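The values are calculated or read from the model by the stated rules, or taken from the named source; none is laboratory data. In this text the structure is predicted, and so the values were computed from the model without any measurement. Backbone-built Cβ (ideal geometry, glycine too); neighbour counts: all protein chains shown.
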Amino acid sequence: MEAEVDEIRRRVLEAPAASVIANHGYGLFELAAIHLSQQPPSLSEARLAIDALGAMVDALRGQLGPDEQSLVDGVAQLRLAWVQLDSLPSSPAGDEAANAGGGEQ
């Protein structure tokens, strides 16, 4: 087990930091997408993942290497999907917003 952990650490050290960080960004994208795809969608959980990804991309603009544009585009796609789902007449966002003090957007 210890040898496996050492091997993982070695591989992480060999990868450019921008690639490792972008990989985490893709994880946040997936997290948001999973919450948006639920029936009914979990808009508050998706919003948190979208906001986290957006904050990361905004804070690291110009430093994310070749994956940066994909991450920027991904945030835009997620935000659009969230707004579309929130605007559906049967959307539970109104209930979530009321329960959360109206903080949904």
| Residues in the range 62-72: is at least one within 13 Å of the chain's Cα centre (by Cα), part of a helix (DSSP H, G or I) and aliphatic (A, V, I, L, M)? | yes
| query | If you go through the range 21-31 one residue at a time, do you hit one that is charged (D, E, K, R) and either at pLDDT below 95 or loosely packed, with under 15 Cβ neighbours inside 10 Å (or both)? | reply | yes
| message | Checking the conditions here, which among VAL20, VAL57 is of a type outside the set (Ser, Thr, Tyr) and more than 29 Å from ASP86 (Cβ to Cβ)? | response | VAL20
